[in-house]
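Worksheet: the structure to be examined is printed underneath.
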Amino acid sequence: MANNKLAIIGGSGLYDVEEFKDREMLSIDTSWGKPSDQILKTKYNNNEVYFLPRHGRGHFISPSKINFRANIDALKQLGVTDIVSISAVGSLKEDHSPGKFVIVDQFIDRTFARNKTFFDDEIVAHVSMAYPTSNGLMNACEEAIKLENINYQRGGTYVVIEGPQFSTLAESNLYRSWNADVIGMTNMPEAKLAREAEIRYASVSMVTDYDCWHPDHENVDVQQVIKVLLDNATKAKDMIKNLIKNFENYIDPNDPTNYCLDVAIITAPEKRSRKTVEKLKYIAGRVLNK
């Protein structure tokens, strides 16, 4: 259990957790470039934890410009085994009102301008994304949310759009017809890359608005969103503190993420150049160096 390390990736409105007083800021280089910002290393309740703001501190990185591969590689270098993504989203259902949290367990990836795999050169791997989130980690998130009496739903589908523009009305209604729950711009390819890196992943979506489908909310106003964001961020920080205390109680030794690369890499060993193996040493060194 002592080898499990938790990282929080904070989305819009969540750029720091000021209550963490034991602070070390880490600058990490990766084969894919630099991550979104320095990674905060801290200790809370005697647990080592990491925090990375997905858009950078001050929110200066657009969703399509996030270096998702560098973010995941950097966390893998630090020994992170579990990631909880916290994201601001729009609602696609009437009962997901602003302020509600949704523990996402499925995604529909509508992005098209992003690098979505670590295995795009010489070495090919196909990981399963049938169940993209960790059940044990979702259990930990649920307990952490319950302790704060936050309105939430366990389970839901997140439509990931390219952005940075919000949806048209026709698009919003299309996604509603798919029975999706929330819409956002950042959990893909993050979840795919975490799976390729054999890092368990869970996603907590914080609803800020009703998207444009709702007759009373036809225009998504950034200022209104920010107001809800700030309130959600406060609740999220309390949830995070609970999560740090409890997540190891829910580690599943049989989680399919743990050894998914064992059955994913299809490229013959003689076709794997030393250069590419070296590039993937943190992500896939466990299997490539056997």
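The values are calculated or read from the model by the stated rules, or taken from the named source; none is laboratory data. All of these numbers come straight from a predicted model, not from anything done at the bench. Reconstructed Cβ throughout: ideal geometry from the backbone, glycine too, with neighbour counts over all protein chains shown.
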Determine, yes or no, whether residue 194 is small (Gly, Ala, Ser), in a helix (DSSP H, G or I) and either surrounded by fewer than 16 Cβ atoms within 10 Å (Cβ to Cβ) or in contact with a strand residue (DSSP E or B) (Cβ under 8 Å, 6 or more places away or on another chain) (or both).
yes
Run down 123, 108, 86 and say which single residue is modelled with pLDDT of 95 or more, among the aliphatic types (A, V, I, L, M) and more than 22 Å from residue 166 (Cβ to Cβ).
123
Residue under evaluation residue 174, criteria (1) modelled with pLDDT of 95 or more; (2) more than 19 Å from residue 105 (Cβ to Cβ); (3) surrounded by 18 or more Cβ atoms within 10 Å (Cβ to Cβ), criterion not met:
(3)
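Can you list the strands (runs of 3 or more DSSP E) found entirely within segment 1-104 that contain at least 2 residues being free of Cβ contacts under 8 Å to residues at least 24 places away in the same chain and either among the acidic types (Asp, Glu) or out of contact with any Asp or Glu (no Cβ under 8 Å at 6 or more places or on another chain) (or both)? Spell out how you get there, then give the answer.
On the way: elements: 6-10, 23-26, 39-44, 47-53, 82-91, 101-104.
Ranges flagged: 23-26.
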All conditions in (1) farther than 30 Å from residue 98 by Cβ; (2) in contact with a Phe, Trp or Tyr (Cβ under 6 Å, 6 or more places away or on another chain); (3) at pLDDT below 95 are true of residue 254 except (2)
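Filter segment 39-69 down to residues that are at positive phi and among the polar types (S, T, N, Q) and give me whichever is surrounded by the most Cβ atoms within 10 Å (Cβ to Cβ). Please lay out each step first, then the result.
Quick first cut of segment 39-69, residues at positive phi only: 45-46, 56, 58-59.
With the extra rule that they be among the polar types (S, T, N, Q), the set shrinks to 45-46.
Working: 45: 10, 46: 7.
Ranking the qualifying residues of segment 39-69, first place goes to 45.
Residue by residue through segment 157-174, note down the ones that are of a type in the set (D, E, K, R) and without any contact (Cβ under 8 Å) to a residue 24 or more places away in the chain. Steps first, answer last, please.
Of all residues in segment 157-174, those of a type in the set (D, E, K, R) come to 162, 171.
171, the sole residue that qualifies.
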Report, by residue number, each residue of segment 123-158 that is of a type in the set (Val, Ile, Thr) and assigned to a strand (DSSP E or B).
157
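Looking at segment 166-183 only, could you name the residues that are in a loop (DSSP other than H, G, I, E, B), under 15 Å from residue 210 (Cα atoms) and either in contact with a Phe, Trp or Tyr (Cβ under 6 Å, 6 or more places away or on another chain) or not small (Gly, Ala, Ser) (or both)? Give the derivation first.
We begin by selecting, within segment 166-183, every residue in a loop (DSSP other than H, G, I, E, B); these are 166-168, 178-181.
With under 15 Å from residue 210 (Cα atoms) added as a condition, the list becomes 166-168, 179-181.
Matches in segment 166-183: 166, 168, 179, 181.
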Please go through segment 177-209 and give me each residue that is over 21 Å from residue 255 (Cα atoms), at pLDDT 95 or above and of a type in the set (D, E, K, R), ordered by number.
181
Out of 148, 122, sole residue that is within 27 Å of residue 244 (Cβ to Cβ) and among the acidic types (Asp, Glu):
148
Pick from segment 107-122 the residues that are outside any strand (DSSP E or B) and in contact with a strand residue (DSSP E or B) (Cβ under 7 Å, 6 or more places away or on another chain): which of them is surrounded by the most Cβ atoms within 10 Å (Cβ to Cβ)?
119
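Can you find a residue in segment 58-68 that is more than 24 Å from residue 238 (Cα to Cα) and in contact with a strand residue (DSSP E or B) (Cβ under 8 Å, 6 or more places away or on another chain)?
At the first step, the residues of segment 58-68 found to be more than 24 Å from residue 238 (Cα to Cα) are 60-68.
From what is left, the residues that are in contact with a strand residue (DSSP E or B) (Cβ under 8 Å, 6 or more places away or on another chain) are 67.
Yes, segment 58-68 has at least one match.
Please verify whether segment 237-248 includes one or more residues that are within 28 Å of residue 114 (Cα to Cα) and of a type outside the set (A, V, I, L, M, F, W, C).
Within segment 237-248, the subset within 28 Å of residue 114 (Cα to Cα) is none.
Within segment 237-248 (the criterion being within 28 Å of residue 114 (Cα to Cα) and of a type outside the set (A, V, I, L, M, F, W, C)), the answer is no, since none of the residues qualifies.
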If I filter segment 12-20 for residues that are closer than 15 Å to residue 193 by Cβ and either of a type in the set (A, V, I, L, M, F, W, C) or modelled with pLDDT under 95 (or both), do I get at least one hit?
no
Subset of segment 224-273, residues out of contact with any His (no Cβ under 9 Å at 6 or more places or on another chain), in contact (Cβ under 8 Å) with a residue 40 or more places away in the chain and in a loop (DSSP other than H, G, I, E, B), comes to 251, 252, 255, 256, 257, 258, 259, 267, 272, 273
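In this structure, is residue 186 surrounded by 15 or more Cβ atoms within 10 Å (Cβ to Cβ), in contact with a Pro (Cβ under 9 Å, 6 or more places away or on another chain) and part of a loop (DSSP other than H, G, I, E, B)?
Working: surrounded by 15 or more Cβ atoms within 10 Å (Cβ to Cβ): yes; in contact with a Pro (Cβ under 9 Å, 6 or more places away or on another chain): yes; part of a loop (DSSP other than H, G, I, E, B): yes.
When the stated conditions are applied, residue 186 passes them.
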